[in-house]
Amino acid sequence: MQNDLNNQGKYNMKAVSTMVGILPGTIRAWERRYQMIAPIRNEAGHRLYSDNHVRKLKWLVQKVSDGFTISQAVSLLEQESQDVIQPLAPQLENRVTQLQQSILEAFLRFDERSAQTYMDEAFTIYTMDKVFIDILAPLLVQVGRLWEEGKITTAHEHFATAILRSRIGAVMHAYPHNGILPKVIAVCGPGEWHELGLLIFTLYMRRKGYEVIYLGSSIKENDIDVVIQTVNPRFLFMSCTMVSNLHPTLDLTKSLEKTFSNLIVGLGGFGIDSMSTEEKENYQQNMIGTSMDEWDKWVEEKTYAN
């Protein structure tokens, strides 16, 4: 009887996508290529997934995160053995690097179609977390540095920004928020208009169920005060990419913490990572880190702190 319940279709595609952490298009691609699950169709023809389907997808996602390709993970699933195939880490790592380079080269050619095709491939092979954190986030940093060093034009930077903002934004708004969790504001620091790193962090927070009010590039200091008074958030995250904007960002952090005693300010971005040792000591409690593990630790500690 319990097995019958586990095989009943009960979750639609959107729900399953949120539960397992991969895009609907990736789930459909895996089904089409590998036939590892066969969702039930309702009277309207829509896919419905069972608990067993969800467990299989979560298992596959974990294997891909561990370093297997999806084809290797499916092979393991079919053979019901977790030690038949060893992960090919060097090859997989090379493919991540190749995808980053291919996307970058497409940006430099102003070739949106190729850039989108390579991103589609990445989402098919890897989980959303891996694509955003291990492929697109480092690519964003690379684009920013190339621009700062004068190796690419402002037009290149704007072109890459527009494509990535659209891609990230389309995914970001698909996640529901948990009303129990505190509200969050995300905004770039004073003078900052490099917002893609902030977008990726906002996506991460929305995936965790937080309601994020995304403001994007820099706004006037007094306007930030108005937004905080209106929204009454627990967190405000600021991104600082340009080193020249570091000190105004740090000054604003102290000012906001003084004005709003219950507000927790988190800081991230290349400019924050470039702080001096003394500055890092003074703002240690505000630094969210550079990896997802560091983000998890920082957010959890601050959210559930007494």
*If you plug each phi of the range 283-292 into the Karplus form 6.51 cos²θ - 1.76 cosθ + 1.60 with θ = phi - 60°, what whole-Hz ³J(HN,Hα) values come out, in order, with x for Gly and Pro?*
10, 4, 5, 9, 7, 7, x, 10, 10, 5
_Note, ³J(HN,Hα) from phi for the range 155-164, Karplus 6.51, -1.76, 1.60, rounded to Hz, x at Gly and Pro_ = 4, 4, 4, 5, 4, 4, 4, 4, 5, 5
_Treating only the Cβ of Lys, Arg, Asp and Glu as charged (+1, +1, -1, -1), what charge dipole size does the range 184-303 show about its Cα centre? Round to the nearest 20 debye._
320 debye
_Looking at the chain as a GNM with Cα springs under 10 Å, which of 206, 109, 33 has the largest mean-square fluctuation?_
33
*Would you work out if the chain is rounded, prolate or oblate? Take a ≥ b ≥ c from the square roots of the eigenvalues of the alpha-carbon gyration tensor; rounded if a/c is under 1.5, else prolate when a/b is larger than b/c, oblate otherwise.*
prolate
*Subset of 14/58; 254/280; 220/280; 280/302 violating a 23 Å alpha-carbon distance limit*: 220/280
*Length-normalised contact order for the chain - Cα pairs under 8 Å, 6+ apart - percent*: 12 percent
*Using the alpha-carbon atoms, what tilt in degrees (0 to 90, nearest 10) does helix 24-34 show relative to the longest principal axis of the chain?*
30 degrees
*Please label the shape of the range 184-303 as rounded, prolate or oblate, based on the square roots a ≥ b ≥ c of the eigenvalues of the alpha-carbon gyration tensor (a/c under 1.5 means rounded; beyond that, a/b larger than b/c means prolate, else oblate).*
rounded
*Can you find, among 289, 259, 119, the residue farthest towards the positive end of the dipole of the chain? Put +1 on the C-beta of Lys and Arg, -1 on that of Asp and Glu.*
119
*Percent relative contact order of the range 184-303, based on C-alpha pairs within less than 8 angstrom and at least six residues apart?*
25 percent
*Using a 10 angstrom cutoff on alpha carbons, build the Gaussian network for the chain and name the most mobile of 286, 232, 222.*
222
*Going through the range 213-306, which trypsin sites (Lys or Arg not before Pro) have at most 10 other Cβ atoms within 10 Å and a DSSP loop state?*
220
*GNM on the chain, C-alpha springs below 10 Å: top fluctuator among 116, 35, 101?*
35
*Taking only Cα atoms, what is the 0 to 90° angle, nearest 10, from helix 89-108's long axis to the longest principal axis of the chain?*
60 degrees
*Going by a ≥ b ≥ c, the root eigenvalues of the Cα gyration tensor, does the range 242-306 fall in the rounded group (a/c under 1.5), the prolate group (a/b larger than b/c) or the oblate group?*
oblate
*Counting pairs of alpha carbon atoms under 8 Å apart in space and at least six apart in sequence, what relative contact order in percent does the range 2-79 give?*
34 percent
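Just so you know, all these numbers are worked out from the coordinates, no wet-lab data involved. Small disclaimer: the values here were computed from a predicted structure and weren't measured. Cβ coordinates were reconstructed from backbone atoms using ideal geometry, including for glycine residues, and neighbour counts include every protein chain displayed.
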